[in-house]
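Below you'll find the structure, written out as structure tokens, and then a few comments.
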Amino acid sequence: MRILQLLIFCVPLTIYSQILYYQDNCHCGVTGAGFSTLMAGGSDTLKVHIAPGSTIRKAFLFGTEYWNNSLPFIDFNITLGDTNFTFNSQSRISAFNASNLSTAPNIYIHSLDVTQSIESIDSTFLIGIPNVSECFGCIFSTVYVYILYENPNLDLTSSYILINNQDEQYSSDFLLTYMNEITSSSDVGWAICASRISEWTPGDGSFLSFNNGIYNAGLLEGEGNLTSDGPQGCFYFENNELFGLSNDTPDYYVNGYDALINCENLVNPNHSLNWKLSWEMNAPSPPYNIYNEFFIEHGTTCETSHVTTINDTTICANSPLQLYATGGIAYEWSPSENLSCSNCANPIFVSDSSQLITVRIWTSDSCSVVRPISVQVRNNPTILEIQTSPSICATNTGSLEIQTNTNCTLPLTYQINQGPNQNTATFTNLPAGIQQIRIMDGNGCYLDTLVEIEQVINTISDFSFSSEYGFVNEYIQINNNSINAENYIWSVDDTNYVITDNKIKFLNPGEYQIQLVSFDFDSTCTDTTKQQISIYPYLYCSVPNIITPNNDGINDFFTLDFTLDVECSISVHNRYGNLIFYFEGNLETGKHDIWDGKVNNQLVKEGTYFYTIELKNTNKLLLEVPQKSMAGFFNVSY
């Protein structure tokens, strides 16, 4: 069955150059007519046909806009009889380029549902189109009225509206797929509404062909110069028969302004219809052959469709919208981008731009209808810049100011951390950390963002030593140079240490890391600094008070024990002050046997002897080299 094939292979509705905008089945007749003023405003009377005793099932008013996108959009007010209709940016349903020239304007197709404004007794409509003075070459032109009228006395009809959305080019292909079942004896009407078909020389225009060029259906032409307009097929269709209005004839060809054709013999076996429009001339430039809408109708066996869909609606950018359609056994939504699914009844739409969405609703395996849904997406507020100032630690002194873009609906309100709304974009007395900001416009569209307020700690922890190194058991002066602090925590090698009178000493040599944590009044707002200091052993020499040089292995020498490597001089004197021994040289840390108690290889007499020692540490890395002078006496005994 056709539905199963469609769902399994996911064949898109319209893969060529048009939007299948509307499709319906009913006991109806269809009528349509249009005209163009092209380069200027003006008015004209359109004649249509509505069978007596009918009710209006659906009516659309189409229009074509030529616009320079570098200019702000303006509204176009069109009069339809006594009623004024406004075409604006929200009524755009299709957009394409008018020419391969970079200077050519964009083309926008507009549509308004005017069902409630059409009376079934109407047969003529006076339509007025405004002049556009705001920009050169900006035009609103080529209006077309389409009416589907319902009458229980009329045979079943299927009708289709296709909207062009392809940039203008030399040859354009169009395809209508999955047409409803066609009554065997029915005409199949085809009509085009064109804004302009250029005619630079006799015979210029656009060739119409069907079935990949197999059937040539004639030449559509304009009036004969650059200000020409295009043909608009005027017709009505009732009880399986196509009728022409104005200068259109329901035969098998188009010709000039006759833009109506009966293509009953051109429908493909797979219930599709394809046609091509090609320029007769490719020069001069620009040739301008602009195709707007196509209208197709035929008799059918498909019963009147009773379906519902979500109404046209407006949402905020990127806000999820629950779409829905009912009355079918299968559904196809197009385009599928920005939809949670394209073949379910209730997809979710999320986008940051407006979009025309159509849904094809299959009421059986061979009958379907199409409904358009216009979703207008409002701009959310956008941020140009956020300026912040930091907060001092443990205080709420931060601030921020927001500059927003005005491409949304005013007034704007601002909220921070889910607090109350305010009209100003400045927040003060903020703590440090992440702030949740919401900016909301007059329509309730909002932007959420996170802003970080930096934390500043005013305290600066700093200290210095009186010297870059020290010695065991000697006090070292510490200068506390901290700023904006009243409280201090000292530690030595990660162990807390109490410093009194800004002095510190060490009992053992080594490398020590001194840390100072400073804060003012809040212990969470600290600043930390670290420094390393080297502690050397104290410069000292151990001297004996007696020697017994009797070769018994005990105190046989005047032995000195040094705590550092030294450069030294050692003098020994007798009780009369005579120098009896002298040594000068470098000695390493540790014990050294300096004198054996002999003078001229003879042991000295027992008694008291006197010594003087001058020591100087030989560590050249120290800026201040430790020195020491020592003097005393010792006894010699045997």
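The values are calculated or read from the model by the stated rules, or taken from the named source; none is laboratory data. Computed from a predicted structure; not experimentally measured. Here the Cβ positions follow ideal geometry from the backbone for every residue, glycine too, while neighbour counts run over all protein chains shown.
Any residue at all in segment 500-514 that is among the basic types (Lys, Arg), within 48 Å of the chain's Cα centre (by Cα) and outside any loop (DSSP other than H, G, I, E, B)? For segment 500-514, residues among the basic types (Lys, Arg), within 48 Å of the chain's Cα centre (by Cα) and outside any loop (DSSP other than H, G, I, E, B): absent. Can you find a residue that is exposed (fewer than 13 other Cβ atoms within 10 Å of the Cβ), touching a residue at least 24 places away in the same chain (Cβ under 8 Å) and in contact with a Gly (Cβ under 9 Å, 6 or more places away or on another chain) anywhere in segment 563-572? Within segment 563-572, none of the residues are exposed (fewer than 13 other Cβ atoms within 10 Å of the Cβ), touching a residue at least 24 places away in the same chain (Cβ under 8 Å) and in contact with a Gly (Cβ under 9 Å, 6 or more places away or on another chain).
Here 144, 149, 178 are screened, and the one residue that is of a type outside the set (A, V, I, L, M, F, W, C) and either modelled with pLDDT under 85 or farther than 30 Å from residue 269 by Cα (or both) is 144. From the set of residues in segment 282-309 that are surrounded by 15 or more Cβ atoms within 10 Å (Cβ to Cβ) and modelled with pLDDT under 85, which is farthest from the chain's Cα centre (by Cα)? Filtering segment 282-309 for residues that are surrounded by 15 or more Cβ atoms within 10 Å (Cβ to Cβ) and modelled with pLDDT under 85, the one farthest from the chain's Cα centre (by Cα) comes out as 287. Do we have residue 529 as polar (S, T, N, Q), surrounded by 18 or more Cβ atoms within 10 Å (Cβ to Cβ) and in contact (Cβ under 8 Å) with a residue 12 or more places away in the chain here? For residue 529, the condition - polar (S, T, N, Q), surrounded by 18 or more Cβ atoms within 10 Å (Cβ to Cβ) and in contact (Cβ under 8 Å) with a residue 12 or more places away in the chain - is not met. Residue 373 meets the conditions (1) closer than 30 Å to residue 407 by Cα; (2) out of contact with any strand residue (DSSP E or B) (no Cβ under 8 Å at 6 or more places or on another chain) in every case but one. The failed one is (2).
Identify, please: which residue in segment 423-440 is of a type in the set (A, V, I, L, M, F, W, C) and assigned to a strand (DSSP E or B) and is, among those, farthest from residue 383 (Cα to Cα)? Per the stated criteria, the residue is 430.
Is there a residue being in contact (Cβ under 8 Å) with a residue 40 or more places away in the chain and not assigned by TED's automatic domain parsing to the domain that holds residue 398 anywhere in segment 508-515? Yes, because at least one residue in segment 508-515 is in contact (Cβ under 8 Å) with a residue 40 or more places away in the chain and not assigned by TED's automatic domain parsing to the domain that holds residue 398.
I'd like to know if segment 453-472 contains one or more residues that are charged (D, E, K, R), under 15 Å from residue 317 (Cβ atoms) and surrounded by 14 or more Cβ atoms within 10 Å (Cβ to Cβ). Scanning segment 453-472 turns up no residue that is charged (D, E, K, R), under 15 Å from residue 317 (Cβ atoms) and surrounded by 14 or more Cβ atoms within 10 Å (Cβ to Cβ).
Can you confirm whether segment 373-396 contains a residue that is among the hydrophobic types (A, V, I, L, M, F, W, C) and touching a Gly at 6+ places or on another chain (Cβ under 6 Å)? Scanning segment 373-396 turns up no residue that is among the hydrophobic types (A, V, I, L, M, F, W, C) and touching a Gly at 6+ places or on another chain (Cβ under 6 Å).
This table checks each residue for (1) more than 22 Å from residue 522 (Cα to Cα); (2) among the aliphatic types (A, V, I, L, M).
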site: 453; (1), (2): no, yes
site: 458; (1), (2): no, no
site: 464; (1), (2): yes, no
site: 467; (1), (2): yes, no
site: 472; (1), (2): yes, yes
site: 481; (1), (2): no, no
site: 487; (1), (2): no, no
site: 491; (1), (2): no, no
site: 498; (1), (2): no, yes
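The one condition from (1) at pLDDT below 95; (2) farther than 21 Å from residue 163 by Cβ that residue 337 does not meet is (2). So is residue 66 buried (at least 16 other Cβ atoms within 10 Å of the Cβ), among the aromatic types (Phe, Trp, Tyr) and at pLDDT 90 or above or not? Answer is no for this residue.
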